[in-house]
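What follows draws every value from the coordinates through simple rules; no lab data is involved. These numbers were taken from a predicted model, which means no experiment stands behind them. A quick note on method: Cβ atoms are made from the backbone with ideal geometry, for glycine too, and the neighbour counts reach across all protein chains shown.
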Amino acid sequence: MTVHILIQCSKSKSVEPPQSLVWNNEMNHELWNKNWTSSSNQTQVRRLYTGRAIKSEIERISSNADFNGYVISAGAGLVYLDDDIPSYEATFLDDIGPNFQNWSTLPNGGLKNLQINDGDIIVTFAAPIYHRALLADPD
């Protein structure tokens, strides 16, 4: 049995995002995905986020071999802790990012990334808007 733990991203990151990956009023979903895929500077997810809460959550997840950790990212989609992604600035809060209903179509996709087996458990630790993104996912 594997426990899949999904945690939300944090604003604090170890790398400054390029201007092309800072969600602003001119940004749309199509442009975001294009900018994302053309970004060459990438950092491992577990090293990118530097917020106090997420660092603690990543440490706890990493200390147990039966846990698989993922980040519910408002910029990427669902990303595994060992994935490499570019730094970005986007959130589902305050309309400073994509609509949570489009979360599964972000560059790294949504819940389809989970490899679930019989007996596995999924646990999420996230704000309500991030849970709404999960619930809106077609998978």
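What fraction of the DSSP beta bridges in the range 1-118 is antiparallel, stated in percent and rounded to the nearest 5? Taking every DSSP beta bridge with both residues in the range 1-118, the antiparallel ones total about 55 percent.
In plain terms, the chain from D95 to S14 could stretch by 26.8 nm, reckoned as 0.36 nm per residue minus the Cα-Cα distance.
Can you tell which of G119, G77, G69 shows the greatest fluctuation in a Gaussian network model of the chain with Cα springs below 10 Å? Highest fluctuation of the listed residues: G119. Magnitude of the charge dipole for the chain, about its Cα centre and with charges confined to Cβ atoms of Lys, Arg (+1) and Asp, Glu (-1), is about 300 debye. Normalised by 2.2 N^0.38 Å, where N is the number of residues, the C-alpha radius of gyration of the range 11-89 stands at 1.14. Sorting 83-93, 121-131 by their mean Cβ neighbour count within 10 Å, with the most densely packed peptide first, gives 83-93, 121-131. Over all distinct Cα-Cα pairs of the range 1-42, the Kirkwood formula returns a hydrodynamic radius of 12.7 Å.
Kirkwood radius for the chain, taken over all pairs of different Cα atoms as the inverse mean of 1/r, rounds to 15.0 Å. With the chain treated as a Gaussian network of Cα nodes joined by springs under 10 Å, which of P18, P107, P98 yields the largest mean-square fluctuation? It is P18.
Relative to the first principal axis of the alpha-carbon coordinates of the chain, what is the inclination of helix 52-62, with its axis defined by its Cα atoms, in degrees from 0 to 90 and to the nearest 10? Long axis of 52-62 versus the principal axis of the chain: about 40 degrees.
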